[in-house]
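The values are calculated or read from the model by the stated rules, or taken from the named source; none is laboratory data. A quick note: this is a predicted structure, and the numbers were derived from the prediction, not measured. Don't worry about glycine lacking a Cβ; one is built from the backbone with ideal geometry, like all the others, and counts go over all protein chains shown.
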Amino acid sequence: MEKKQFTETEIFSILKENESGISMRELSRKYQIHKDTISRWKQKYGGMDPAEMKKLKELQNEHERLKRMYAELSMEHNALKDLLSKKL
């Protein structure tokens, strides 16, 4: 099954529809997503507006980028340390 990517505004509109009284079952049929996905979105994005949701995504992406950068630097550091210890 193909994984769909929803934008922040699409997620926001789906959550607004749910708040207005449309059931998760109806929304899951309409947008072809699992009702657990809607529940997860409610937990993660409940009470946010699209701008806040976009900022959260940006911060998560930045966090992932910094984690990768740290891992690469750590590996380089360990490799250099091993190289220097072998030369001595």
Test: residue 40 is charged (D, E, K, R) and within 22 Å of residue 19 (Cα to Cα): yes
Condition met for residue 25 (in a helix (DSSP H, G or I) and exposed (fewer than 11 other Cβ atoms within 10 Å of the Cβ)): yes
Within region 59-88, considering residues that are surrounded by 10 or more Cβ atoms within 10 Å (Cβ to Cβ) and of a type in the set (Gly, Ala, Ser), the one nearest to residue 8 (Cα to Cα): 71
Those residues of region 36-58 which are in a helix (DSSP H, G or I), free of Cβ contacts under 8 Å to residues at least 40 places away in the same chain and surrounded by 15 or more Cβ atoms within 10 Å (Cβ to Cβ), in sequence order: 37, 38, 41, 42, 45
Positions within region 32-55 being aliphatic (A, V, I, L, M) and at pLDDT 90 or above, in sequence order: 33, 38
Every residue from region 1-26 that is more than 21 Å from residue 52 (Cβ to Cβ) and either over 16 Å from the mean Cα position of the chain (by Cα) or modelled with pLDDT of 95 or more (or both): 1, 2, 21, 22, 23, 24, 25, 26
Residue check, residue 10 in a helix (DSSP H, G or I) and exposed (fewer than 14 other Cβ atoms within 10 Å of the Cβ): yes
Sole exception among (1) in a helix (DSSP H, G or I); (2) at pLDDT below 95; (3) basic (Lys, Arg) for residue 65, by number: (2)
